[in-house]
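Worksheet: the structure to be examined is printed underneath.
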Ligand SMILES: Cc1cc2nc3c(=O)[nH]c(=O)nc-3n(C[C@H](O)[C@H](O)[C@H](O)COP(=O)(O)O)c2cc1C
């Protein structure tokens, strides 16, 4: 059976992006899903001086190994001031110091949501442009605007957005 990891680019304990990533992963058929949480991979703030001093922390190695050994990735990015959350960027920076081809060519379903009308599209665009340099194979992207209005009881309530996500999850599944 294929296996994937699903996680949010957020360290919020009530992350709406984690809720979206979990929902998207629930639409897969016959796939083992490992839900990850950045709070379990806490890392000091990256700095070149700190890296010289302490090397690369184990938790960055651990996360990278999870990417290396999975068949696919569902990642939903939180948007902070139009960009990655600090928690995600920090993990990403540490991992790139170990392996610049950080995503190992794994199929990726890249998502974003926010309470506002752009649904995290700015961070989605940044990641879509950048991740391929780190060997990401982005199969589909999906953004859900107005999370509070379009998501309830662990699922998307808007029929149009739900149908779009389902189609994209199917494409992702076929790429695994
Ligand atoms: C520091 C900060 C900056 C934010 N900037 C944006 C933004 O640029 N665009 C946006 O749509 N939402 C922004 N938000 C709102 C987030 O989208 C919202 O907090 C969302 O819940 C984050 O996702 P998460 O719950 O998965 O962490 C910001 C929130 C914070 C705390």
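Before moving on, here are some points about what is shown:
- Fewest-first sequence of 123, 31, 139 by Cβ atoms within 10 Å of each Cβ: 31, 139, 123
- Antiparallel DSSP beta bridges within the stretch 41-176, as percent of all bridges there, nearest 5: 25
- Cα Rg over Rh - the stretch 2-175, Kirkwood: 0.96
- Ordered by the count of other Cβ atoms within 10 Å of each Cβ, fewest first, 138, 35, 73 give 35, 138, 73.
- For a label point 7 Å along the Cα-to-beta-carbon line of residue 125, residues of the stretch 56-90 with backbone N under 16 Å: 79-84
- The shape of the stretch 1-73 comes out oblate: with a ≥ b ≥ c from the C-alpha gyration tensor, a/c is at least 1.5 while a/b does not beat b/c.
- Nearest-0.05 FRET efficiency for residue 163 and residue 81, computed from C-beta distance (R0 25 Å): 0.20
- Whole-angstrom gap from the stretch 78-144 to the stretch 39-63, using each part's C-alpha centre: 19
- Counted by neighbouring Cβ atoms within 10 Å, the residues 14, 113, 141 run from fewest to most as 14, 141, 113.
- In the chain, helices alone account for a calculated mean residue ellipticity at 222 nm of -12500 deg cm²/dmol, with every DSSP H run of four or more residues adding -39,500 (n - 2.57).
- Taking 7 Å steps out from each Cα toward its Cβ at residue 118 and residue 137 produces label points 3.1 nm apart.
- Per-residue extension of 0.36 nm, minus the Cα-Cα distance of residue 170 and residue 65, leaves a gain of 35.2 nm for this segment.
Here, each number is a calculation from the coordinates, and none is a lab measurement. As the structure is a prediction and not an experimental result, all values here were calculated from the model. FYI the Cβ positions are ideal-geometry reconstructions off the backbone, even for glycines, and counts take in every protein chain you see.
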